[in-house]
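Take a look at the structure set out below.
The values are calculated or read from the model by the stated rules, or taken from the named source; none is laboratory data. Quantities reported herein were computed from a predicted structural model and do not represent experimental measurements. Every residue, glycine as well, gets a Cβ built from its backbone with ideal geometry; the counts of neighbours run over all protein chains shown. Heavy atoms of the whole protein, side chains included, go into the accessibility calculation; ligands, DNA and RNA do not. Shrake-Rupley method; radii C 1.70, N 1.55, O 1.52, S 1.80 Å.
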Amino acid sequence: MITFAQAQDNLHTLCAAWRDQQMIQPESISLASSPGRYLSEDVSATLDLPVADVSAMDGYAIATLPPTDLSNEEAQDVSAVNGPCYVVRGESRAGQPYSGSPLENGECVRIFTGAVVPESADTVVIQENVDREAETIRIVEQTAFGANIRRRGEEIALGATIAKTGQRVTPNMIPLLASQGIPHVSVRPRLRVAFFATGDELKRPGDVLGEGDIYESNLASIQAVLENYPLDLINLGVIDDTPQAITDALQRAANGADIVISSGGVSVGDYDYVRDCVAAMGQVTDYKVAMKPGKPVCFGRLDQDSGGQALFFGLPGNAVSSFVVLTELYLPAITYLMSGDKEGTHGYVRAILTEDLNRRPGRLEFQRGVLQSALDGKHRPVWQVRALGSQDSHRVMGLALANCTIQIPAEVGHLPAGSDVVVSVFPWSEIR
Ligand code: AMP
Ligand code: MG
């Protein structure tokens, strides 16, 4: 049996080797359909941003009168001290820059936010600091030389990297990419994930349950966890618990997918054929991980008829074990496969346990819990967490009520209230 950390490392090695062999063909897609996808190359700025010197305010762009007998420093505060009357020569508004002759000192143009500042102007005075009479303005508040102008390229210089290879496109990146006039981005292709469940006791919704039968739940749960990622999901359904049927399913899955996920049949029972079938078709690199729930965990590779290989991720059959192994162990690996980035594949936070926690030590445990933000005695926000009742691996109610898992190190049996714990937050949970 290997530790969870060892399993993560081995899984990473397996995935990294698999990625190295792949000929990844990037896909060009529209910016609008890119959120959720992973970039296959860096994105460079095609423009300076702002594209020109533009006004930050509504007001007047002035060509400052030259200083008279003031020292240089004082001359920087131009307007109020220094002949505050300017003649209005025209207007610059968004989309329609001033097109008259260059401003002379003592002249100005009316200007609006975002409009181009004429090259001959040096300062924008906001309209609240100006008295206007006909075509003349008087500046009534001091304005620093050069004020209220957003300089060309001030935020982004042409050619700068604005998004990185492997980064997932998120909605908050769209204003940046769209403001660069980028219509398409190059992204990694969707990985294909084929999955099936084993177990003769498993029935579909609508089927009548015979004695000892249960409704199958892992297929829907795999679908639910993975469907928010750029993956093509291929559900192969429930497969008979025979070596032949499992071999056929593995073959079909491996030939049509990059990743094959199975549920059940990986323990050491008389009807647990999955591991042997995988070994016969490729390689089982690991089996049995010291994690709870979920000890029977088996992963490796499957040979494809084409000479290539698919990754194999085996889940235990228990609904909760299957869910926890998928989210805690395999989802970070799948995220790495999509992004090429090993870091940042999981959202952990440190939280304070609000109730005592007792359990039998031995394996790293992922207890289902409820995380919430609260205020401490000094009114500072803190994360608090409590574990949900019985943690047996068949208990689906606790899983349904949870928004996170609490990680309890293998050797720890007792954690008093007030302990600091590491929590991994379900990616879809909206925590308040
Ligand atoms: P196994 O890993 O095949 O020995 O299954 C362990 C336990 O999980 C057994 O009680 C199975 O009935 C149950 N189980 C296996 N597969 C599923 C599934 N797809 N959905 C719900 N329960 C399952
Ligand atoms: Mg079974």
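Assorted remarks:
- Residues of segment 247-255 include at least one that is within 16 Å of ligand 2 (Cβ to nearest atom), of a type in the set (Gly, Ala, Ser), out of contact with any His (no Cβ under 8 Å at 6 or more places or on another chain) and not assigned by TED's automatic domain parsing to the domain that holds Gly362.
- Residue check for Asp241: within 16 Å of ligand 2 (Cβ to nearest atom) and open to solvent by 20 Å² or more (accessible area, probe 1.4 Å): yes
- Top-ranked residue in segment 154-207 [being away from ligand 2 (no atom under 16 Å from the Cβ) and among the hydroxyl-bearing types (Ser, Thr, Tyr); ranked as farthest from Ile259 (Cα to Cα)]: Ser179
- You will find that of Arg386, Arg350, Arg368, the residue that is of a type in the set (Lys, Arg), at pLDDT 95 or above and open to solvent by less than 20 Å² (accessible area, probe 1.4 Å) is Arg368 and no other.
- Selected residue (only one of Ile234, Ile259 is buried (at least 18 other Cβ atoms within 10 Å of the Cβ), closer than 28 Å to Thr405 by Cα and more than 15 Å from ligand 1 (Cβ to nearest atom)): Ile259
- Residues in segment 246-256 that are away from ligand 1 (no atom under 14 Å from the Cβ) and either buried (at least 16 other Cβ atoms within 10 Å of the Cβ) or in contact (Cβ under 8 Å) with a residue 12 or more places away in the chain (or both): Thr247, Leu250, Gln251, Arg252, Ala253, Ala254, Asn255, Gly256.
- The sole residue among Gly308, Gly264, Gly269 that is away from ligand 1 (no atom under 11 Å from the Cβ) and either touching a helix residue (DSSP H, G or I) at 6+ places or on another chain (Cβ under 8 Å) or open to solvent by 10 Å² or more (accessible area, probe 1.4 Å) (or both) is Gly308.
- Across segment 288-322, the qualifying residues are those that are in contact with a Leu (Cβ under 6 Å, 6 or more places away or on another chain) and outside any strand (DSSP E or B), and the one among them that is nearest to Met23 (Cα to Cα) is Ser322.
- Residue check: Thr285 meets all listed conditions (1) part of a helix (DSSP H, G or I); (2) away from ligand 2 (no atom under 16 Å from the Cβ) but one, namely (1).
- You will find that of Glu104, Glu128, the residue that is in a loop (DSSP other than H, G, I, E, B), open to solvent by 20 Å² or more (accessible area, probe 1.4 Å) and at pLDDT 95 or above is Glu104 and no other.
- Extreme residue, modelled with the highest pLDDT, among residues of segment 183-206 that are more than 21 Å from the chain's Cα centre (by Cα), more than 13 Å from ligand 1 (Cβ to nearest atom) and in a loop (DSSP other than H, G, I, E, B): Pro183
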